[in-house]
Amino acid sequence: MKTYEIQNVKDTRSGFGDGLLELGKQNPDVVALCADLTGSLKMNAFEDAFPERFFQTGIAEANMIGLAAGMTIGGKIPYTGTFANFSTGRVYDQIRQSVAYSGKNVKICASHAGLTLGEDGATHQILEDIGMMKMLPHMTVINPCDYNQTKAATLAIAEHEGPVYLRFGRPKVPNFTPADQKFEIGKAWTVSEGTDVTVFATGHLVWKAVEAGVKLAEEGISTEIINIHTIKPLDEEAVLASAGKTKCVVTAEEHQRNGGLGDSIAQVLARRLPLPIEYVAVNDSFGESGTPEELMTKYGIDTADVIAAVRRVLKRK
């Protein structure tokens with residue numbers, strides 16, 4: 001089991017903010033819009049550096065999406081920023097009609113996703129956003145795992161022509177991927193190779209899978225861990241190559257079981273390589289107020305849950 005050194009512990013939203021600032025220096029066509037959450041989205045530095053390219057829309061998320069769609073007609077590359085709940089649930093109609101339907105080059109950047117938003121509670125802890133976004137034609141869906149990968153993804157999506165949903169979070173998490181990585185949209189990243197079972201993980205659950213892999217190795221279980229940072233388009237060939245080797249699969253995500261990464265993996269396997277699969281995800285439930293650690297444990301998406309899912313799937317192998 002390959003081990004990774006934690007470089008530091010940082011929030012993924014800071015990776016977005018730092019990436020956006022760097023991107024602003026590189027590309028004068030990049031503009032940023034925020035719905036009254038500049039500090040929470042770490043967009044302050046971009047606003048300070050490029051005030052003429054920053055647009056504070058206030059608590060008017062639907063209007064923000066409409067403005068962004070219009071800006072693309074003039075050749076701008078708009079990055080919109082607010083909480084994931086407001087980035088998707090509140091403005092689904094505007095995203096569908098004004099962005100996805102016409103393939104507008106809008107980058108919808110969403111922070112505070114999932115249970116790890118924590119104490120703000122169920123009304124803010126959106127767990128269905130990946131499903132909502134991946135079902136939209138033309139939409140690319142990206143969910144990076146740490147600060148470095150979020151920064152790299154923020155830079156990379158500017159080169160992609162078309163709408164993108166970029167999802168990241170609030171809590172500080174282990175930062176372990178390379179600082180100089182090249183982020184390739186639609187290309188899975190093998191965290192560690194193994195022979196007994198594959199864990200396909202995304203977002204904050206990638207590190208939980210790494211922790212699980214270390215503990216499973218102590219029991220003699222060889223775990224292959226694949227970071228699916230791009231949920232759509234899914235790297236189907238990487239999925240099939242790994243699953244074909246290990247013959248059983250676990251998926252891990254901070255999202256509802258319905259409609260998330262697990263469903264995408266299961267569809268590929270059902271069509272092309274039927275194998276045992278277990279899900280680590282929230283099971284048809286809203287969240288509640290609590291610390292990120294408490295909530296991940298209570299709702300079954302912690303390290304111990306990945307380990308338990310591996311043991312279950314191995315019995316079905």
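Summary of values
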read-out: Cα shape, the chain, gyration tensor, a/c 1.5 rule; value: prolate
read-out: Label point distance in nm, residue 181-residue 237, each placed 7 Å from Cα along Cα→Cβ; value: 2.1
read-out: Gained length - residue 293 relative to residue 271, 0.36 nm times residue gap less alpha-carbon distance; value: 4.3 nm
read-out: Listed residues 73, 228, 95, most fluctuating in the chain (Gaussian network, C-alpha, under 10 Å); value: 73
read-out: Lysines with Cα under 28 Å of residue 298, excluding same-chain neighbours fewer than 8 positions away; value: 10, 134, 172, 208, 215, 315, 317
read-out: Percent breakdown of C-alpha pair distances by 5 Å bin, ordered from the shortest bin, for segment 46-127; value: 3, 15, 23, 23, 17, 12, 6, 1, 0
read-out: Whole-Hz couplings from phi, Karplus 6.51/-1.76/1.60, listed for segment 259-265; x for Gly and Pro; value: x, x, 4, x, 5, 5, 5
read-out: Segment 189-316: relative contact order in percent, alpha carbon pairs under 8 Å with at least 6 residues between; value: 28
read-out: Expected 222 nm ellipticity per residue - DSSP helices of 4 or more, -39500 (n - 2.57), all of the chain, to 500; value: -10000 deg cm²/dmol
read-out: Global form of segment 9-175, assessed from the alpha-carbon gyration tensor, a/c cut-off 1.5; value: rounded
read-out: Among 78, 144, 28: highest mean-square fluctuation, GNM of the chain, C-alpha pairs under 10 Å; value: 28
read-out: Candidates 96, 170, 13: whichever shows maximal mean-square fluctuation once the chain is modelled as a Gaussian network with Cα springs under 10 Å; value: 96
read-out: Distance in nm between pseudo-label sites at residue 214 and residue 45 (7 Å out along the Cβ direction from Cα); value: 2.8
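Every number in this text was worked out from the coordinates using simple rules, so none of it is lab data. Because the structure is a prediction, the values reported are computed rather than measured. Glycine also receives a Cβ, built like all others from the backbone with ideal geometry; neighbour counts cover every protein chain displayed.
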